[in-house]
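Okay, so here's the structure we're looking at.
Just so it is clear, none of the values below were taken in a lab; they were calculated from the coordinates. Every value quoted in this text rests on a predicted model; they were computed, and no experiment measured them. Note: ideal-geometry Cβ built from the backbone for every residue, glycine included; neighbour counts use all protein chains shown.
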Amino acid sequence: MMKKREFLKTSSILTVGALTVPMSSCKSGGESPQQAENTKSFTPFALPQLPYAFEALEPSIDKMTMEIHHGKHHAGYVRKLNAALESHALAGKSLDDIVSSVGPDDAAIRNNGGGHYNHSLFWEIIKPGESQMPYGKLSDAINSNFGSFEKLKEEFSTAAATRFGSGWAWLSLDSNNKLFVSSTPNQDNPLMSKLVSTPGHPILGLDVWEHAYYLKYQNKRKDYISNFFNIINWEEVARRYDALV
Ligand code: MN3
């Protein structure tokens with residue numbers, strides 16, 4: 001016969017067990033295995049720190065634009081991307097994988113995954129100080145694909161200037177490792193092969209949303225584009241190119 005003390009002990013264990021079972025069955029109850037898989041935990045994306053001070057790119061890009069662009073706009077894309085991934089099959093994938101596989105009906109991932117990817121690239125391909133010219137293998141590829149650096153600059157600047165509304169201009173590699181210039185609307189980018197007419201792997205990008213330049217340049221987008229060429233980090237662009245070819 002069980003003593004009272006032993007009974008209480010057994011009883012409390014049973015209670016814990018009884019509580020545990022319904023809670024876990026409640027969590028997965030009513031969900032398909034796929035849905036349960038989708039709600040798995042993942043490490044949320046974080047806003048990367050700028051590799052220079054907010055004012056470091058002046059006079060090409062002013063301090064306040066950088067503060068708002070990084071601290072409000074980019075931070076917003078990261079926050080909304082993480083929220084969209086909470087119940088998404090792409091949760092836990094790399095940012096490259098997420099952006100590469102997004103389809104036309106997935107607006108939250110398309111806009112915010114693109115926003116996070118594009119801005120993360122953008123901060124790295126610009127830098128303070130006088131911009132060098134492209135050099136090495138990248139320079140050779142520019143000359144063979146465009147004829148000269150000046151021709152690339154012209155084509156890229158036209159793509160950036162004529163992008164209607166908000167979007168980006170890009171220099172990318174296609175699947176044959178040929179360089180090409182394109183532009184995309186909103187936060188799309190060439191990695192989004194289900195969404196763009198000319199897919200590729202971007203190595204240089206310019207944000208031509210008004211939030212990227214309006215405080216300093218107002219309606220003069222062409223001046224912003226021209227000054228962008230003064231702050232391109234060609235070392236980083238070449239590093240990205242070398243990693244792909
Ligand atoms: Mn932006």
Original post:
Among residues other than H74 whose Cβ falls under 15 Å from its Cβ, what is the net charge (Lys/Arg +1, Asp/Glu -1)?
Top reply: 0
Subject >> Positive minus negative residues near R240 (Lys, Arg vs Asp, Glu; Cβ under 15 Å) >> reply: -3
Original post:
Please state the relative contact order of segment 57-212 as a whole percent: Cα pairs under 8 Å, 6+ residues apart?
Top reply: 24
Subject >> Counted charge near K222, where neighbours are those whose Cβ lies closer than 14 Å (Asp, Glu -1; Lys, Arg +1) >> reply: +2
**OP:** Could you list, in their original order, any pairs among K63/K93; K178/K216; K194/K216; K194/K222; K80/K153 whose Cα atoms are separated by more than 32 Å?
**Re:** K63/K93; K178/K216; K194/K216; K80/K153
